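Okay, so here's the structure we're looking at.
Bear in mind these aren't lab numbers, they're just calculated from the coordinates by the rules spelled out. All values reported here derive from a predicted model rather than from experimental measurement. Cβ placement follows ideal geometry from the backbone for every residue including glycine, while neighbour counts extend to all protein chains displayed.
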Amino acid sequence: MTTSSFGLTAEEAALIAKINELINRVKAKLIELQNAISAQLSSLPAFLRDRALTKWANVTTVMNEAWRILAEAGFSASIGTQTPEPLPVGSPSALYATANTWSDKVSGPVTGTVQSITAASLKVDDSWQGRAASRYLESLPSQTTALDKIRFSLCDGITATLAEIAKAITAFWTSVLLALLVLIAALATAAVTAAGVLPAIILILVGLVIFLGTLASSAATLRAVCGAANVTLRQKLNDNTAFGGGHWPRTTVQ
């Protein structure tokens, strides 16, 4: 599995590149339509020309908001110039890899330690008697509780949260891709003629409004997931209920 300079897999990088390609196509088509509309304005009566200009101002407003959201999401495309590889919103593959690391490198060994403690307690019962043995056994529950906190609350919680973020990012990218394809199809139907300037502009505006609505909704969903994940991760990392005074439980009972 190859990765880009931002830790993306080849498949993820290809998806980002496709989205930027579609953004360029939309921008190029809008410029083409704007030029065609401008060429027809002089042939329109003044009142229609004013209405056309007002509607196009609305198009520009919606378009700029859509580009703002895309730029905030890390998508960066331009027309006719070479642009650097954009920094997208996270990397699902990197998040899944980190989640797996928590599961494999932390949760797994902790589970093994819990099993060892359980086995040790059984051996004490069989071969070790007296006050020292009793004190040792009394210390084991707090050890097990602390390890379970790491395993179930910390590791499982972080793993699940990272996976949720990864899913949300993938869903956002897919939504952007599909919305761009729908917008391109809508713009392709806008025929600019002297008699059809206003209908063409209205069609462009409707297409952009639908695109912006999808984009804004998808971005809001991603923000909500990331915001909730941030709260969850902070809670997990700051949960010291199994660690009195912020320290690991004593291995002996006084």
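Which of the lysines could be linked to Lys29 by a straight reach, that is with a Cα gap under 20 Å, when you skip same-chain ones fewer than 8 residues away? Straight-line reach from Lys29, under 20 Å: Lys18, Lys55.
Placing pseudo-labels 7 Å out from each Cα toward the beta carbon at Asn64 and Ala228 gives an inter-label distance of 3.4 nm.
Each peptide among 230-239, 180-189 gets the average number of other Cβ atoms lying within 10 Å of its residues, and from highest to lowest they stand as 180-189, 230-239.
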